[in-house]
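Trainee: Attaching a single structure in structure tokens format; questions to follow.
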Amino acid sequence: MRVRNAGFAAALTFLSAGAACAQDIQVPLDQVRVVTFQTPAKTVFIGNPAIADITVIDATHVFIMGKNFGTTNIIALDAGGHPFTNQQVVVLDRPGSVVTVQRGSAQVTLNCSSERCMSAPTSGDDKAPFDTVAAQFERREEIASKAAGAGPGASGGQP
């Protein structure tokens, strides 16, 4: 009877550990979560990089950033090439007050705080405002990347 109970307890511990590992990693759109592995990872892979991006911090920590709504997965392999985690990553709506303005068939999404609302381009938004705001985001990122690449003491693009 004791052996049976010990086996049952071991099976229960194994099942509860598996359930804990099987929980979804929920990430709001345009935000980052830190994921910690119990086992050092040699290789980490995200299933669909259009939905979420992954950046390795060290062997037991990664950043996951939500890029688009949807579900993908993250797989981590140990030094022997054996998978030790395979978790779902769910990218959710941004926290806060999201407002969708509907004008006929056109839609625009705004992210609002108590102070103001700002455009928050989202899949399904009308093409013209989406493209305008997306182009502004891309231009801002381009300027920031150039400035970061210039390094300390650089002339900021001046000859």
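Trainee: Can you tell which of 70, 81 is surrounded by 14 or more Cβ atoms within 10 Å (Cβ to Cβ), in the same structural domain as residue 29 (by TED's automatic domain parsing) and on the phi > 0 side of the Ramachandran plot?
Mentor: Just a single option satisfies the conditions, and that option is 70.
Trainee: Sort out which residues of the range 102-129 are in a strand (DSSP E or B) and either within 25 Å of the chain's Cα centre (by Cα) or under 18 Å from residue 28 (Cβ atoms) (or both), and write them in order of number.
Mentor: 107, 108, 109, 110, 111, 112, 117, 118, 119
Trainee: From the list 93, 78, pick out the single residue that is modelled with pLDDT under 85, out of contact with any Cys (no Cβ under 6 Å at 6 or more places or on another chain) and acidic (Asp, Glu). Spell out the reasoning first.
Mentor: Values: 78 fails: modelled with pLDDT under 85.
Within the list 93, 78, the selection yields 93.
The values are calculated or read from the model by the stated rules, or taken from the named source; none is laboratory data. The model shown is predicted, which means the values in this text are computed figures rather than measured ones. Positions of Cβ are generated from backbone atoms using ideal geometry, with glycine treated the same way; all protein chains shown enter the neighbour counts.
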